[in-house]
Amino acid sequence: MSGFHGLFIPGPTNMPFGVRQAMDIALEDQRSPDFPAFTLPLFADLKKVFKTEKGQVFLFPSSGTGGWEAAITNTLSPGDHVLIAVFGQFSHLWADLCNRHELVVDAVNVEWGEGVPVDIFAQKLADDKAHKIKAVLVCHNETATGVTSDIAGVRKALDAVAHPALLMVDGVSSIASIDFRMDEWGVDLAVSGSQKGFMLPTGLAIVAVSPKALEAHKTAKCPRCFFDFADMIRTNKDGYFPYTPATTLMRGLRASLDTLFAEGLDNVFARHHRLAEAVRLGVEAWGLTLCAKEPKWHSDTVTAICVPKGFNSDDVVKTAYHRYRMSLGVGLSKVAGRVFRIGHIGNINEIMILQALAGCEMALRDVGISSVRPGSGVAAAQEYIRTTAPKLQLSKVA
Ligand SMILES: *Cc1c(COP(=O)(O)O)cnc(C)c1O
């Protein structure tokens, strides 16, 4: 088939050509004397993306879910209490993972479409005079609902009562696309994966760990082997790994970091914000609503859009796939059939956003949502993109 299949899901994301090319290489000797010259700068540069100087970054051959498990098992013991808010499929799954590791999970159920309830957390932390809560878990960007939460606010709540709990953050669909400040926000464990903001195939869990978390690791009793930080620390210091690392993905990661740094992280975040605004203006022009309840929770990497009552969002996704060869995100779990999602994370530009909106408009009308006028969302996004593009000096014809 000609052209490209439109990939507008929030992960796996679109890979830059340079990243793909960087992985089109022979497999290499992961114990070679040259290997550390490649890995040590890679570790150092990853820290820049997490904005940590004090922390250490580990690379596991795994998906993001393994990063959750690494964070939990390395720093907690069975029976430890953790505080988490559940407001979407990913925060739900992380809470479930904690349960299966026999932690005592205080899950605050929040309406899907809202973010972390900082006030409720602040109260719970203030009430926990005995410091039974060992970790506070926050999903920075809930990919199921398109909601970004206030991590700095949670840190403030912890500090307000000098609570010593570890702060763990799922940044799988935020880090490298939305501003993330590990040291400034006092994040102890930050989890990401390769196939979202890092624009790579699935296969790396990227976990950044604070000195405080490494201290907790020394006494944490959860069973672990594959994900044990100790084995990584022992071997990573010389640029090696305790078992075969995903060398090809790491070559891709090198190219991905080079791409991010060449654009500049702040420019990457600004691009995501601008393109997300264009999508949101498009949705508004359709007369549809976002799953995210308030602007303060709007995600710059994924937009979840509610379909009107009486329609099934799965039909929109199916229609877009079969008739227009583009992938959109389905509604997950509680919002299945009610929302569809446009992923605008990673290697995305203006014209791709207009493509996505144009395809959605056709699919929405195809399933009978005729209140969506043809071209309405595209037009709104076009005008925003046009008026916010860098000014260009035009030459005059004499
Ligand atoms: C994708 C995602 C995950 C899970 O990552 P996998 O790589 O699929 O294991 C976890 N959290 C969030 C917020 C995600 O978007």
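The values are calculated or read from the model by the stated rules, or taken from the named source; none is laboratory data. A quick note: this is a predicted structure, and the numbers were derived from the prediction, not measured. Virtual Cβ from ideal backbone geometry, glycine too; neighbours counted across all protein chains shown. Remember, those area values only see protein heavy atoms, side chains included, never the ligands or the DNA or RNA. Shrake-Rupley method; radii C 1.70, N 1.55, O 1.52, S 1.80 Å.
Some values worked out for this structure:
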{"item": "Accessible surface of W185 - all protein chains present, 1.4 Å probe, nearest 10 Å²", "result": "40 Å²"}
{"item": "Note, ³J(HN,Hα) from phi for the range 371-380, Karplus 6.51, -1.76, 1.60, rounded to Hz, x at Gly and Pro", "result": "5, 7, 7, x, x, 5, x, 4, 4, 4"}
{"item": "Net charge contributed by nearby residues that have their C-beta within less than 13 Å of N312 (K/R +1, D/E -1)", "result": "0"}
{"item": "Sparse-neighbour loop sites [GluC sites (Glu not before Pro); the range 102-152; at most 13 other C-beta within 10 Å; DSSP]", "result": "E111"}
{"item": "Counting all C-alpha pairs of the range 6-82, share separated by more than 20 Å (%)", "result": "58 percent"}
{"item": "Candidates per trypsin sites (Lys or Arg not before Pro) in the range 34-73, loop by DSSP, up to 15 other Cβ within 10 Å", "result": "K54"}
{"item": "Trypsin sites (Lys or Arg not before Pro) restricted to DSSP loop in the range 115-196 with at most 10 other C-beta within 10 Å", "result": "K129"}
{"item": "Volume per residue that the Cα convex hull of the chain spans, once the total is divided by residue count, Å³", "result": "162 Å³"}
{"item": "Beta bridges per DSSP with both ends in the chain, % antiparallel, nearest 5", "result": "50 percent"}
{"item": "Listed residue pairs exceeding 20 Å between alpha carbons, taken from K51/K196; K129/K218; K196/K221; K293/K334; K134/K296", "result": "K129/K218; K196/K221; K134/K296"}
{"item": "Per-selection Rg to Rh, the range 136-285 - Cα, Kirkwood hydrodynamic radius", "result": "1.00"}
{"item": "Folded to 0 to 90 degrees: helix 350-366 orientation relative to the chain principal axis, Cα", "result": "70 degrees"}
